[in-house]
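Report on one structure; see the data block that follows.
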Amino acid sequence: MEKFKVSGPTRLTGEIHLDGAKNACLPIFCASLLSSEELTVSNVPRLGDVQTLLALLRNLGVEIEVDFESKTCVLNGRGLNSNLVSYDLVKTMRASILTLGPLLARLGEVRVSLPGGCAIGQRPVDQHIKGLEKMGAEITLQEGYITAKANKLKGVRIVNDLVTVTGTENLMMAACLAEGHTVIENAAREPEIVDLARCLIAMGAKIQGVGTDIIRVEGVSQLHAASHQVIPDRIEAGTFICAIAACGGSVFVRNFEREIMGLTFEKLRSCGGEFLEVNGGLKVNFAKRPKAVSCQTAPYPGFATDMQAQLMAVNAVSDGVALIDESIFENRFMHVSEMQRMGADIKVKGRTAVVQGKKCLSAAKLMATDLRASAGLVLAALVADGESIVDRIYHLDRGYVNMDEKLAQLGADVLRIKG
């Protein structure tokens, strides 16, 4: 099993290039299930989840040509020959649920295993099921599988009980081939949903209101060939900004898009430092110890729950005290105990963590529990005195392209080791 060996403390200087957003790429790949023509996707990141989903789609009969060197993938659903998404293919990745809506809309029947993924709390799919049932689907849950049937989905008004990103994406994709007009209220507003909609519109879908909490879709009989470029990864952007804030230094973050960051960017700016948007990127400079910044995670455009662990690492070495409220997932403080072993002063009560900043942390052997916790622990290791080992980095590789190599480019002492 691979691990990171991180020697700190360090200071970061240089330039990095952000990769495409995993959370935009995965639903866009699933959109290929809606058409029998080619979908060409560019700015594709070489990630574990991306390759897992491509294997899943191939198993369904989708023809795929991928070149990670050019970051391009061509998908063609003309040979779609299966409606079964088995547990063996989805057990490590929640995004597999995004095959449910497209397959049902295209084939009229689908059997999808309930998904797995990170152990950060319950992420139910009841909103997906409720919405599809309103559109006319007959759905049963048995032996860990969702079986859905519908001769033809019908356009309806759907009001989500809570904001759900994958639920919004699933229902929006299903509505593209439904008969009539679908309205999705209390829809999620994430940039990745907007990016998916842009791709679907390029394929011939009729969608309005994306980026707001009401999405309107007029169903069409079929979708056609299209090309689409995936947006940059805003979570990777935020993670590297946190790394610079914690470590200090001056870094140019290339391929940065401010408009997709929401409140997350404003919170990161509050850590101090200098931020300058220029030439298709962001220049970040931290000459002093970061300021403590409190936050409450919230759906977009609020502070992203996927950035909570990284900001906690910054607060652990900040000047001041910060409160971090986790309002999205109930089990997303599992990195706290590991940071405490490094000497971080963090106290947790319920879903709130109180972080008293310290001038330095101590190196330790660390165990990652999920994707973003892994990133937070790597950041903490970068500023700790001594040699840290971060185990279970397979979590990290699901969401970050070569994080070790990118950090090394900035002068960090990070090595990928086996054992």
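Annotations
- Overall shape: oblate for the range 149-209, with the ratio a/c of the largest to smallest alpha carbon gyration tensor axis at 1.5 or above and b/c at least equal to a/b.
- For the range 22-229: relative contact order, % (alpha-carbon pairs under 8 angstrom, 6 or more apart): 21
- Leading residue at positive end of dipole, the chain (Cβ point charges), from S221, L89, Q310: Q310
- Between L196, L162, L377, the GNM of the chain built on Cα springs shorter than 10 angstrom shows L162 fluctuating the most.
- Interatomic Cα distance distribution for the range 22-229, bins of 10 angstrom, percent: 9, 39, 40, 11, 0
- Pairs of alpha carbons in the range 1-136 whose separation is greater than 27 Å (percent): 29
- Projecting the Cα atoms of T168, V50, Q127 onto the charge dipole of the range 22-229 (Cβ charges, centred on the Cα centre) puts Q127 farthest toward the positive pole.
- Computed helical MRE - 222 nm, the chain, DSSP H runs ≥ 4 contributing -39500 (n - 2.57), nearest 500: -8500 deg cm²/dmol
- All-pairs Cα distance distribution in the range 207-326, expressed in whole percent, bin size 5 Å: 2, 10, 19, 20, 16, 11, 7, 6, 4, 3, 1, 0
- Structure remark: mean-square fluctuation, Gaussian network model of the chain, C-alpha springs under 10 Å; the largest value among D49, D126, D319 belongs to D126.
- D (Stokes-Einstein, µm²/s), Kirkwood Cα radius, the chain, 1.002 mPa s at 20 °C: 98
- Likely footprinting exposure, D397, D404, D88, fewest C-beta neighbours within 10 Å first: D88, D397, D404
- Sequence-distant contacts, meaning Cα pairs under 8 Å at least 6 residues apart, place the relative contact order of the chain at 21 percent.
- Choice from A304, A364, A237 showing the highest fluctuation, given a GNM over the chain with Cα pairs closer than 10 Å: A364
- Computed from point charges on the beta carbon alone (+1 for Lys and Arg, -1 for Asp and Glu), the dipole magnitude for the range 248-291 about its Cα centre is near 280 Debye.
- Among S113, S221, S327, the ranking by other beta carbons within 10 Å of each residue's beta carbon, starting with the fewest, stands as S221, S327, S113.
- Look at the dipole of the chain built from charges on Cβ: of A21, N59, Y300, the Cα furthest out on the positive end belongs to Y300.
- Counting DSSP beta bridges with both ends in the chain, the antiparallel % (nearest 5): 70
- Legend: calculated FRET efficiency, A298 to S221, from the Cβ-Cβ distance at R0 = 60 Å, rounded to 0.05, equals 0.95.
Every number in this text was worked out from the coordinates using simple rules, so none of it is lab data. Keep in mind that what you see is a predicted model, and the values were worked out from it rather than measured. Note that we place each Cβ from the backbone using ideal geometry, even for glycine, and neighbour counts take in every protein chain shown.
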